[in-house]
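Visitor: Below is the structure I would like to discuss, written out as structure tokens.
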Amino acid sequence: MAEAANSGIWVEAGEGLLDDTIALRRDIHGEPELGLFNPKTTQKAKAALAGLPLEIREGPSTSGFMAILKGPENGRTVLLRGDMDALPLNEETGLDFASQTSGAMHACGHDTHTAMLAGAAKALGARRESPSGTVMCMFPPGGAGHFGARQIMQGRRAHP
């Protein structure tokens, strides 16, 4: 019974964040970036996380980062990941939030990954007392074949 009540809290949190998550996804979709250097997407994701009780770690990667939430008690560490880069395609959807960047499109869903991860971080941050342990939210560039997450984990620069 407690499990059902607990899941209701998270459903409610998700519903409350839906409009902001959609707006972030569309904003990212309109300005896709390729490969390992995604400064606009990074800025948008960080802006969505502003004011939350998160530790932001940029490390040596130019555009990838981690947002870390530490719960009130020791416990396990969980990593959530949301890739940020787009694919080298021209968008022909006609959507009012379609790509404004010639030769780049979020046909891979990474715009959605980034927006949903920001939403999850917001929901978790608002209920900081709930998770025991640590939640690490990784926003890597270069998920579409450039191994951006690996570079973040290994402490390498993702862009010269």
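All of the numbers you see were taken from the coordinates with simple rules; none came from a lab. Only a predicted model underlies this, so the values are computations on that prediction, with no experimental measurement involved. Virtual Cβ from ideal backbone geometry, glycine too; neighbours counted across all protein chains shown.
Visitor: Please give the net charge around Leu49, taking every other residue with its beta carbon less than 13 angstrom from that of Leu49, where Lys and Arg add +1 and Asp and Glu add -1.
Guide: On the way: positive: Lys44, Lys46, Arg57, Lys122; negative: Asp20, Glu55, Glu58.
Every neighbour counted, the sum reads +1.
Visitor: How about Lys70: which aspartates and glutamates have a C-alpha closer than 13 Å to its C-alpha, ignoring those fewer than 8 places off in the same chain?
Guide: Excluding near neighbours in sequence, the set is Glu55, Glu129.
Visitor: So which GluC sites (Glu not before Pro) in segment 32-83 are both in a DSSP loop and have at most 16 other Cβ atoms within 10 Å of their Cβ?
Guide: On the way: sites: Glu33, Glu55, Glu58, Glu73; in loops: Glu33, Glu58, Glu73.
Of the GluC sites (Glu not before Pro), the ones in loops of segment 32-83 whose Cβ has at most 16 other Cβ atoms within 10 Å are Glu58, Glu73.
Visitor: Summing Lys, Arg as +1 and Asp, Glu as -1, what charge do residues with Cβ under 9 Å from the Cβ of Pro72 carry, Pro72 excluded?
Guide: Around Pro72, the surrounding residues sum to 0.
Visitor: For Leu34, which sequence-distant residues (separation of 5 or more, or a different chain) have an amide H within less than 5 Å of its own amide H, given hydrogens modelled in the peptide plane?
Guide: Close amide H contacts, sequence-distant or interchain: Ala86.
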